1. Scan segment 68-88 for residues that are under 24 Å from residue 163 (Cβ atoms) and of a type outside the set (A, V, I, L, M, F, W, C) and jot them down.
2. Those residues that are surrounded by 20 or more Cβ atoms within 10 Å (Cβ to Cβ) and more than 22 Å from residue 53 (Cβ to Cβ), I need them from segment 113-141; list them, please.
3. Quick check on residue 73: is it at pLDDT below 90, over 20 Å from residue 124 (Cα atoms), open to solvent by less than 60 Å² (accessible area, probe 1.4 Å) and among the aliphatic types (A, V, I, L, M)?
4. Consider segment 111-125. How many of its residues are of a type outside the set (Phe, Trp, Tyr), over 13 Å from residue 64 (Cβ atoms) and in contact (Cβ under 8 Å) with a residue 12 or more places away in the chain?
5. When segment 26-49 is examined, which residues are found to be more than 19 Å from the chain's Cα centre (by Cα), closer than 17 Å to residue 171 by Cβ and open to solvent by 30 Å² or more (accessible area, probe 1.4 Å)?
6. In the list 173, 177, which residue meets the criterion of being under 21 Å from residue 52 (Cβ atoms) and open to solvent by less than 30 Å² (accessible area, probe 1.4 Å)?
7. Which residues, taken from segment 96-150, are within 12 Å of the chain's Cα centre (by Cα) and among the charged types (D, E, K, R)?
8. Condition first: among the hydroxyl-bearing types (Ser, Thr, Tyr), in contact (Cβ under 8 Å) with a residue 40 or more places away in the chain and closer than 11 Å to residue 136 by Cα. Can you find one or more residues in segment 86-93 that meet it?
Amino acid sequence: MTIDHRVRTTGRPLSVLRPVLGTAAAGAAGALVVVAFSPFSAATAAFSPPLYALIAGAYSVVPFLARRLLGYAWAATAVGIVAAVFAAPFSPIGLLIVVLFVGAGAAYDSVLWCVARGSADRSAPPWAYVVAALVSALVLFLVSYPVLSPAHRVPLILAATFAGRAVGQLAAAGAAAAIGRLLRRPTGRQ
């Protein structure tokens, strides 16, 4: 079974196994990030939504990296779903974490898909990753707004919370780009 009818230099069609295993592995890594940050982020969310919004950007690094490395259009969304399902038992918000991961991944992927559709080689330019990160920040802000306490729903805290989301998502996209470059760099060894 093939996922892509293009043929590599070896003459073999691309297999569906690589993206599936890559998605599962990246999802497991993403879940580990959630488990590692959950105790700290849960406590932070209660007293400082802007700080939590900034820290929560770390959750997006693995899905954003998967979008760059796995080679299929909706990789961030798929990895987000897997990560959220794996992390839900350990997350303070349980299965609601799926909404956050799917929202962020789908926003990121949809921007990149729309931009790449118009290019000749079907790849997104570097600026599209910045726009995708900002759109995912907006989605995450809108999804998290209903759970903010009334005391935190004042203009200054809302603006700081959105800014935290934007900076966190931009940092995640930047980290994913840097890690992606490091992983694709030739080692010089044979």
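1. Of the residues in segment 68-88, the ones under 24 Å from residue 163 (Cβ atoms) are 76, 80.
Across segment 68-88, the qualifying residue is only 80.
2. 124
3. Working: at pLDDT below 90: yes; over 20 Å from residue 124 (Cα atoms): no; open to solvent by less than 60 Å² (accessible area, probe 1.4 Å): yes; among the aliphatic types (A, V, I, L, M): yes.
The answer is no for residue 73.
4. Of all residues in segment 111-125, those of a type outside the set (Phe, Trp, Tyr) come to 111-112, 114-125.
With over 13 Å from residue 64 (Cβ atoms) added as a condition, the list becomes 114-123, 125.
From the residues that got through so far, the ones that are in contact (Cβ under 8 Å) with a residue 12 or more places away in the chain too are 115-116.
Residues meeting the conditions: 2.
5. Answer for segment 26-49, where residues must be more than 19 Å from the chain's Cα centre (by Cα), closer than 17 Å to residue 171 by Cβ and open to solvent by 30 Å² or more (accessible area, probe 1.4 Å): just 40.
6. On the way: 177 fails: under 21 Å from residue 52 (Cβ atoms).
Result: 173 is the single residue among 173, 177 that is under 21 Å from residue 52 (Cβ atoms) and open to solvent by less than 30 Å² (accessible area, probe 1.4 Å).
7. The one that is within 12 Å of the chain's Cα centre (by Cα) and among the charged types (D, E, K, R): 109.
8. Taking segment 86-93 as the starting set, the residues that turn out to be among the hydroxyl-bearing types (Ser, Thr, Tyr) are 91.
Still in the list and also in contact (Cβ under 8 Å) with a residue 40 or more places away in the chain: 91.
Now restrict to residues that are closer than 11 Å to residue 136 by Cα: none.
No, because not a single residue in segment 86-93 is among the hydroxyl-bearing types (Ser, Thr, Tyr), in contact (Cβ under 8 Å) with a residue 40 or more places away in the chain and closer than 11 Å to residue 136 by Cα.
The values are calculated or read from the model by the stated rules, or taken from the named source; none is laboratory data. These numbers were taken from a predicted model, which means no experiment stands behind them. Don't worry about glycine lacking a Cβ; one is built from the backbone with ideal geometry, like all the others, and counts go over all protein chains shown. The area values use the complete protein model at the heavy-atom level, side chains included, leaving out ligands, DNA and RNA. Shrake-Rupley method; radii C 1.70, N 1.55, O 1.52, S 1.80 Å.
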